Amino acid sequence: MKPNLEWLKEHILLSDKTAISQAITLVESSRTEDKAKAHELLNWAIQQQKPSYRIGITGVPGAGKSTFIETFGKMLIERGNSLAVLAIDPSSSRSHGSILGDKTRMNELSKRPEAYIRPSAAGKTLGGLAGNTREAMVICEAAGFNYILIETVGVGQSETAVKNMVDFFLLLLIAGGGDELQGMKRGIIEMSNAIVINKADGPNALQVQATKTEYARAVSLFPLDESGQKTRVMSCSALTGTGMNEVLQMIEDFKSKTANYKESNRQQQAFLWMTKTIESNLLENFYSLEKIKKELQRAKELIAQGKRDPLSAAHEVLSHYFETKNAT
């Protein structure tokens, strides 16, 4: 039996992790009968949001994002904070299954009462994000967590999606074979508030220092970001803790210097959330119509037979959609 909304609201305010999980499951649901309840719950949660700081953490596979977040999260707790970690796992492009192993990898952090970890599958969503990450953040903020950390699948898709929902965007890297700058898109570097080279321990230490110098030279040529700050380049070892205090202090400094920017940025992000929701609902409505399903199949056959080009076929399908909407 599903809990009622009043129970969820009451227990979310108590930071009840079971209620938070059930609430996020509700807003992630694609079931028609759940949507009205999800909207009501989100409208309530938005009114209950507590002050928070949102940090997005992305990076190349193997950069140690989960270890970094566990060490970083424990440091936040030691300073009297609470945090929610929304760890987005990669989904299979065929089965859409997901390993959802981040909670296991953050074993120590997951045991702390001040921390909540929610692994979700990225599915088909670009940017390494689950489709309802914004909604999950709102619920966690209503529950009183004052730091929200989003761990993404990794770079290479639409990293702008991550940047457009957080206050601070951190790119986590490791020292590689000397071609880091060539292998990393300039865009992801430019939108990062900080680049942190992880695994600066043991035999990696010298190579990490060289990589740090290389990135520092590159970002020195970039203009100030939209918050008026320069991208910081740092190194650390999340495994041993070396450099982690400096990373936390750097984020705290950025937070204090950009308080006004944060508020204006949040307003822009809220507007973007609205437009993305409109686009998502329009697409869902479009592809759910039986007439459109038939027209798409017909268009596919005509293209395969060489009787239609894709552009003409698209315009024909859209014309049928507009006819259907105008008739209602």
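The values are calculated or read from the model by the stated rules, or taken from the named source; none is laboratory data. All values reported here derive from a predicted model rather than from experimental measurement. No Cβ is skipped: glycine too gets one built from the backbone with ideal geometry, and neighbour counts run over all protein chains shown.
Observations, loosely collected:
- Yes/no for Glu252 being closer than 30 Å to Glu226 by Cβ and charged (D, E, K, R): yes
- Looking across the range 274-292 at every residue that is surrounded by 12 or more Cβ atoms within 10 Å (Cβ to Cβ) and at pLDDT 90 or above, the one that is farthest from Asn164 (Cα to Cα) is identified as Lys291.
- Test set (1) over 15 Å from Ile55 (Cβ atoms); (2) touching a helix residue (DSSP H, G or I) at 6+ places or on another chain (Cβ under 8 Å); (3) surrounded by 14 or more Cβ atoms within 10 Å (Cβ to Cβ) - Met234 fails condition number: (1)
- Total residues in the range 313-322, condition surrounded by 13 or more Cβ atoms within 10 Å (Cβ to Cβ) and among the polar types (S, T, N, Q): 0
- Residue match in the range 226-247 (condition: in a helix (DSSP H, G or I), charged (D, E, K, R) and out of contact with any Asp or Glu (no Cβ under 6 Å at 6 or more places or on another chain)): yes
- Residue satisfying all of: in the range 143-162; surrounded by 21 or more Cβ atoms within 10 Å (Cβ to Cβ) and at pLDDT below 90; farthest from the chain's Cα centre (by Cα) among these: Val155
- Cβ-Cβ under 7 Å pairs, at least 6 apart or on other chains, the range 297-310 side in a loop (DSSP other than H, G, I, E, B), far side of a type in the set (Asp, Glu): none
- Checking each residue in the range 190-218 for being under 21 Å from Lys257 (Cβ atoms) and modelled with pLDDT under 90 picks out Glu190, Met191.
- For Thr18, the conditions (1) surrounded by 19 or more Cβ atoms within 10 Å (Cβ to Cβ); (2) under 25 Å from Asn81 (Cβ atoms) all hold with the exception of (1).
- Given (1) closer than 23 Å to Tyr53 by Cβ; (2) at pLDDT 95 or above; (3) surrounded by 12 or more Cβ atoms within 10 Å (Cβ to Cβ), number of the condition Asn245 does not satisfy: (3)
- Selection within the range 3-15 - crowded, with 17+ Cβ neighbours inside 10 Å and either farther than 16 Å from Leu42 by Cβ or not basic (Lys, Arg) (or both): Leu8, His11, Ile12, Ser15
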